[in-house]
1. Remind me, relative contact order of the range 32-89 in percent, using alpha carbon pairs under 8 angstrom and six or more residues apart?
2. For residue 24 and residue 70 in the same chain, what is the full-extension length gain: residue separation times 0.36 nm, less their Cα-Cα distance, in nm?
3. Going by average Cβ neighbours within 10 Å, how do the peptides 39-48, 61-70 rank, with the highest at the top?
4. How much length, in nm to one decimal, is gained on full extension between residue 81 and residue 41, taken as 0.36 nm per residue of separation minus their Cα-Cα distance?
5. Any chance you could list the semi-axes, whole Å, largest first, of the equivalent ellipsoid that the Cα gyration tensor gives for the range 32-89, using √(5λ)?
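Quick note: the coordinates plus some simple rules give every number you see, no bench work behind them. Nothing here was measured: the structure is a model prediction, and the numbers come from that model. Please note: Cβ atoms are built from the backbone with ideal geometry, for glycine as well, and neighbour counts cover all protein chains shown.
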């Protein structure tokens, strides 16, 4: 089953707040010690692209700063099989 983008649209934009309630498309990720304070490396490892950093920060309500990505923190990430259909048009 693909990602239903229409379900999350609010005008022309995706309403990312709805991901708080839909675990079909997200999962938890514990920031490991070796990736602490490096959201770029987390995104590269998970998605093969660092450009998803702002999306992950937004979903987790982390300022666009690496301090929110401390070791042991549980963050919500979008499952890799859905990331392209969510982020790219």
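1. 38
2. Gain in length upon complete extension: 14.0 nm.
3. Final packing ranking: 39-48, 61-70.
4. 12.5 nm
5. Values: eigenvalues 69, 28, 19 Å².
Taking √(5λ) for each Cα gyration eigenvalue gives 19, 12, 10 Å.
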